[in-house]
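Peer 1: Would you mind keeping the following structure in view while I ask a few things?
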Amino acid sequence: KVAALRRENEELLDRVEELESTLRIVQTAQSWAIAAATNGEGDEGGWTVEQARKMKEVTLLLMQAKQAKEEALNFTKAGKGQLYEKVRSLKAQLAREREEKLMMKQRLGKVFAQAADIRKANKEMKERMAGERAQWQRLVRRLKE
């Protein structure tokens, strides 16, 4: 739990640093745009119309990049969640299969033990029957004599 909180804290700190950096860039671009607008359209004191337009384009691109990065991060998190869920379900399936395999192994062991007991009982019964038959045959021979 603590490790998860630390990891989340590190991710949030990285995100804050990234947002601060983006904010500084945007603020610098805005201040340059304001300075250019107040100084007029001369090359020395401010920006030309072309430079101001390009600065607005750069600002727009920065915002689009920020939005794309956030979307990619959200997509990655969703992908991670789905992958985590799939791994979790596969682990559960593996555990069930292992449990079933263990149960089958135990059942098979019991079946083999029962089969051995039945063979042993059958052998003892045959021996007893053979002994009784021999005894009866001796008795019949004695009676004939």
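The values are calculated or read from the model by the stated rules, or taken from the named source; none is laboratory data. All of these numbers come straight from a predicted model, not from anything done at the bench.
Peer 1: Looking at the stretch 1-19 only, could you name the residues that are in a helix (DSSP H, G or I) and modelled with pLDDT under 80?
Peer 2: If we filter the stretch 1-19 for residues that are in a helix (DSSP H, G or I), which is where we start, we get 2-19.
Within the stretch 1-19, just VAL2 meets the criteria.
Peer 1: A further question on this structure: Name the single residue that is nearest to LEU12 (Cα to Cα) among those in the stretch 67-94 being among the aliphatic types (A, V, I, L, M) and either at pLDDT 75 or above or more than 10 Å from the chain's Cα centre (by Cα) (or both).
Peer 2: Taking the stretch 67-94 first, the residues among the aliphatic types (A, V, I, L, M) are 68, 72-73, 78, 83, 87, 90, 92, 94.
Cutting the leftovers down to either at pLDDT 75 or above or more than 10 Å from the chain's Cα centre (by Cα) (or both) gives us 68, 72-73, 78, 87, 90, 92, 94.
Values: ALA68: 18, ALA72: 16, LEU73: 12, ALA78: 17, VAL87: 26, LEU90: 31, ALA92: 32, LEU94: 35 Å.
By that ranking, first place goes to LEU73.
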